[in-house]
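Below: one structure, written as structure tokens.
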Amino acid sequence: TDLSRIRNFSIIAHIDHGKSTLADRLIQRTGGLTDREMSAQVLDNMDIEKERGITIKAQTVRLDYTARDGQVYELNLMDTPGHVDFAYEVSRSLAACEGALLVVDAAQGVEAQTLANVYQSIEHDHEIVPVLNKIDLPAAEPEKVRAEIEEVIGLDASEAVLASAKSGIGIDDILEAIVAKIPPPKGDRDAPLEAMLVDSWYDPYLGVVILVRVVNGVIKKGQNIKFMIGGTEHLIDRVGCMRPKIEQLPELGPGEIGFITAQIKDISQTRVGDTITTVKNPAAKPLPGFKEVQPVVFCGLFPVDANDFEKLRDSISKLRLNDASFSFEMETSAALGFGFRCGFLGLLHLEIIQERLTREYDLDLITTAPSVVYDMHMKDGTVRHLHNPADMPDPNHIEMIEEPWIEAIIYCPDEYLGSILKLCQDRRGIQKNLTYVGGRAQVTYELPLNEVVFDFYDRLKSISRGYASFDYHQIGTREGDLVKMSILVNNEPVDALSMIVHRSAAEARGRHMCERLKDLIPRHLFKIPIQAAIGGKVIARETIAAMRKDVTAKCYGGDISRKKKLLDKQKEGKKRMREYGSVQIPQEAFIAALRMG
Ligand code: GDP
Ligand code: MG
């Protein structure tokens, strides 16, 4: 295709501002799908994505648009993941485009994710086309939001397109704006092949499918290609694009976005951001911007029923086929038995995997306290990366501990600011900046990631009644006064509940855990001490009083069937319990105890 007829763009938006609805409209308008096929949202294709309304994997679709100038343009629309956990994937998707549609809900205005995404887009030198969506809503205030975009982001929004993705208003204007404002890609057809690996996924029929953006040269079937960073070589057997249905093509030239397959079985060979070149006439060096993705949040996953271990192994391996960004290795715990230590890109990623295991694979799981990765600088000069509190070395051998920090942008209506600042302060936050735009505050904080992984986001949403929005990125590691806090039930440590905490927060968290567990663990025939301890020192304690009588005593009298029912129920309950120091702890207690409330 003639380069001047190609436009590559992504859509950036805060969650729920209408990104997916607009993408579907653009596909429908340019004839990619029939009305019947349109009935379900096309670009979000996983159940969890639909329920949570976020895009987890990037997808792309090619649209042929006959513009008002009579020419046919090839528009490649890249849908980017909508969550901070996938920031690196987002950055690669943006790097594959020359422009972006900035979709802002005309009734809601600019939000934290709008800002975070738009700054990234600007960093990639994108031409940005603002779209004021949902103008069909009575509450829409397009002029106010237009001014907000100019004031907060500093973009010229005088030509922002007024649209309703839902009712189909302004769709042609958006398509014309893409053609007129977003620059065509540049590239040299005769140069050695350089194509960026933007995304990859596992397809049961095709094997690993790779989404590429060709920068220079041409990619076609039968070529021997090489991943410049991954190092492996493969023979291309298919080249094509998605409309969104798969269509095979003879080749992809410079500036084009499409897919290739090369009989790859293992997705971990395909690293997002890698450069694909030919074996015969390779490029001199890889394209810039590659980063190794590293899991940042770890937790243990154990089957409630020990007999499910093999099933859990199978299910995790299957999920991993499609997601190279999460890691797992076997873990054994004194009390939980066999399970897996898993690493995730963030808390949402963790929840997604956990939810899929529960829902799609029908597994009952115990999840241990999430942990970030700590750098333990040992007195012998070595550095250990610790992601399981159970492996904490003897503190006498540790010189100092570093923990990861983030910079967070929080955007909220003025009236909630006080409680939000308090939340950030309580979580050891350092305030960097505070500005007001209209009746809204934008506050920037530096926070230890460890304080955010537990329930920061839930707390933020609840204290702001859902109005605060939040986005973050990592800013490196800093020294912290961190200790391992253990929880002992009937004098026995419960490894699943031990965690690394800042010394200043240890007592409060320990007390809270003990109080929680006191309510969550059922009474037994004996008294149960519950303690939180650092090293040998107990910092909080509670006691569960002994149960006076046998449960069945309540059924004193002749009602045998009721008695039997009660016993059956107890038995049923036992299956979902774990035993520590002869104490039965229900599965729910682990999860509930970890919520800070
Ligand atoms: P995303 O999270 O940005 O992908 O947002 P979605 O496209 O999933 O839209 C979020 C919600 O807003 C859905 O319930 C849509 O039906 C609704 N929505 C999207 N566009 C419009 C619009 O133009 N007008 C109205 N009234 N609702 C819209
Ligand atoms: Mg969406």
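The values are calculated or read from the model by the stated rules, or taken from the named source; none is laboratory data. Just so it is clear, the model here is predicted, and its values are computed rather than measured. As a convention, Cβ positions derive from the backbone with ideal geometry for all residues, glycine included, and neighbour counts pool all protein chains shown.
Here are the numbers for this structure:
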| quantity | calculated |
| --- | --- |
| In region 403-426, residue nearest to LEU115 (Cα to Cα) [restricted to those that are among the aromatic types (Phe, Trp, Tyr) and not in a helix (DSSP H, G or I)] | TYR411 |
| Which numbered condition ALA283 misses (of (1) modelled with pLDDT under 95; (2) over 28 Å from LEU449 (Cβ atoms); (3) buried (at least 18 other Cβ atoms within 10 Å of the Cβ)) | (1) |
| Residue ranges of strands (runs of 3 or more DSSP E) in region 493-597 with at least 2 members at pLDDT below 90 | 577-580, 583-586 |
| Residue pairs meeting the criteria (Cβ under 7 Å; at least 6 apart or on separate chains; first more than 30 Å from PRO288 (Cα to Cα) and within 16 Å of ligand 2 (Cβ to nearest atom), in region 120-144; second at pLDDT below 95 and not in a loop (DSSP other than H, G, I, E, B)) | ASN133/LEU22 |
| Strands (runs of 3 or more DSSP E) within region 329-385 that include 2 or more residues touching a strand residue (DSSP E or B) at 6+ places or on another chain (Cβ under 9 Å) and modelled with pLDDT under 95 | 337-344, 365-367 |
| Cross-chain or 6+ apart pairs with Cβ under 7 Å, region 305-322 first and within 13 Å of ASP364 (Cα to Cα), then of a type in the set (D, E, K, R) | ASP305/ASP364; ASP305/LYS575 |
| Members of region 180-230 found to be under 30 Å from the mean Cα position of the chain (by Cα) and among the polar types (S, T, N, Q), listed by number | SER200 |
| Options ASP69, ASP47: the member that is surrounded by fewer than 16 Cβ atoms within 10 Å (Cβ to Cβ), more than 11 Å from ligand 2 (Cβ to nearest atom) and modelled with pLDDT under 85 | ASP47 |
| Those residues of region 377-400 which are under 26 Å from the mean Cα position of the chain (by Cα) and surrounded by 17 or more Cβ atoms within 10 Å (Cβ to Cβ), in sequence order | LEU386, HIS387, ASN388, PRO389, ALA390 |
| Answer residue from region 482-517, given it is free of Cβ contacts under 8 Å to residues at least 60 places away in the same chain and charged (D, E, K, R) and is surrounded by the fewest Cβ atoms within 10 Å (Cβ to Cβ) among those | ARG503 |
| Condition check for ILE54: at pLDDT below 55 and hydrophobic (A, V, I, L, M, F, W, C) | yes |
| Entirely in region 221-316, the strands (runs of 3 or more DSSP E) that have 3 or more residues that are in contact with a Pro (Cβ under 8 Å, 6 or more places away or on another chain) | 275-278, 297-303 |
| Residue satisfying condition, being away from ligand 1 (no atom under 16 Å from the Cβ), modelled with pLDDT of 90 or more and outside any loop (DSSP other than H, G, I, E, B), within set ARG25, ARG92 | ARG92 |
| Test: GLU451 is out of contact with any strand residue (DSSP E or B) (no Cβ under 7 Å at 6 or more places or on another chain), surrounded by 21 or more Cβ atoms within 10 Å (Cβ to Cβ), acidic (Asp, Glu) and assigned to a helix (DSSP H, G or I) | yes |
| Options THR34, THR60; residue that is farther than 30 Å from LEU350 by Cβ and modelled with pLDDT of 60 or more | THR34 |
